[in-house]
Structure formats: C-alpha cells, structure tokens
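Report on the structure given below.
Since every read-out is calculated from the coordinates, none of them should be taken as a lab result. Please read these numbers as outputs of a predicted model, since none were measured by experiment. FYI the Cβ positions are ideal-geometry reconstructions off the backbone, even for glycines, and counts take in every protein chain you see.
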Amino acid sequence: MEINLIRKSGKFNFEAENDNGFTVELDAKPAIGGEGKGFRPMEMLLVGLGGCSGIDMVNVLTKQKEPLNDIKINIKATRKDEEMPPIFDVIDIHFNLFGDLSVQKVERALQMTFDKYCSVSNILGRSATINFTYTINGNK
C-alpha cells in the first residue's frame, strides 16, 4: 500500500493518490489558513471508518445471505479540544439498513464488524469510544 501527496495550491491544499490512481483532496481548516478545497485529515479518518465498517457490514450480511438492498452510514465525532493533539473522544456511527433483514443477523454482523474485521475501528477504538447503532427500514 502506498499513498503519494502533492501540494496543489495555497498553503495546505494537497491531492493524495493511491497506487491505483484514485485521488482525494485535503485541506486545512480555514482558521489556520485552509481554503476549504478538500477533506481535513481528521475527516479522512472518519471516511476510513465509514468505508471499512460499511464494507465489512455488507460482506458479513452477504455471507449470512441477508437481502441488504441499501446501506447509508452517518458518523458524528467529538474531539478532545483541550488536549494536544486534539484526538477523537467519542465517535457515533449509525447504520441505516434497508431490506428484509433479521435483527439478530444485523446485530451479529455489527459485532463481527467492530470486534473482529474493521481495522480502522480497531485503531480508532484504542483512543476513542466508538458507539454504533442501526435502523432497519427506518425502524429501531
């Protein structure tokens, strides 16, 4: 795995590229001179968490032969602003699942995702509390 970054414009605007040629732009927050031209680095960690856990959830539910029609993920996080560096304190991740899904299998998939498979949650969970919730077809 390799990531390369190049500075695009301004002081803090970078473009990151992976070894497959996919790119994403990053920038700093405006308070320190960023221009809002991309994700901030801490936001990218949350993107990684959402992507990792989402992929694992879909994978586990597929293996369980659950008819998952769609999945939407919402993540909210707070940071320990009084500490330097200001790392995440609490991360709340909510899965909106759609399909004729078994509650028991969804809960098992969540447990497996966060206890066993998602590397990003394993890393972030060492310094932050990660809470996960879900709805199925809009119902808790």
* Asked: What GluC sites (Glu not before Pro) in segment 47-111 are in a loop by DSSP, with at most 16 other Cβ atoms within 10 Å of the Cβ?
  -> GLU82, GLU83
* Reachable lysines from LYS8, criterion Cα separation under 19 angstrom, eight or more residues apart if same chain -> LYS29, LYS37
* To do: In whole Hz, with x marking every Gly and Pro, tabulate ³J(HN,Hα) for segment 112-127 from phi via Karplus 6.51 cos²θ - 1.76 cosθ + 1.60, θ = phi - 60°.
  => 5, 4, 8, 8, 10, 9, 6, 4, 5, 5, 5, 5, 5, x, 6, 10
* Set of lysines with alpha-carbon distance to LYS65 below 18 Å, sequence-local pairs under 8 removed -> LYS105
* **the chain - percent relative contact order, Cα under 8 Å, separation 6 or more** => 18 percent
* In whole Hz, what ³J(HN,Hα) sequence does segment 75-83 give by Karplus (6.51, -1.76, 1.60; θ = phi - 60°), x for Gly and Pro? -> 10, 10, 9, 10, 10, 7, 5, 7, 9
* In degrees between 0 and 90, to the nearest 10, how far off the longest principal axis of the chain does helix 41-63 point, with axes built from Cα atoms? -> 20 degrees
* Asked: P(r) for the chain: what percent of alpha-carbon pairs falls in each 5 Å bin, starting at zero?
  -> 2, 9, 16, 18, 16, 16, 11, 7, 4, 1, 0
* **Candidates VAL47, VAL103, VAL90: whichever shows maximal mean-square fluctuation once the chain is modelled as a Gaussian network with Cα springs under 10 Å** => VAL103
* Structure fact -> From DSSP H assignment alone, runs of 4+ in the chain each adding -39500 (n - 2.57), the sum over residues rounded to the nearest 500 puts [θ] at 222 nm at -9000 deg cm²/dmol
* List the residues whose amide H sits under 5 Å from the amide H of ILE87, counting only those 5 or more places along or on another chain, with H placed 1.01 Å from N in the peptide plane. => LYS80
* Backbone HN-Hα couplings from phi across segment 22-30 [Karplus 6.51/-1.76/1.60, Hz, Gly and Pro as x] -> 7, 10, 8, 9, 10, 7, 8, 5, x
* Structure fact -> Counting only DSSP beta bridges fully inside the chain, the antiparallel percentage to nearest 5 is 70 percent
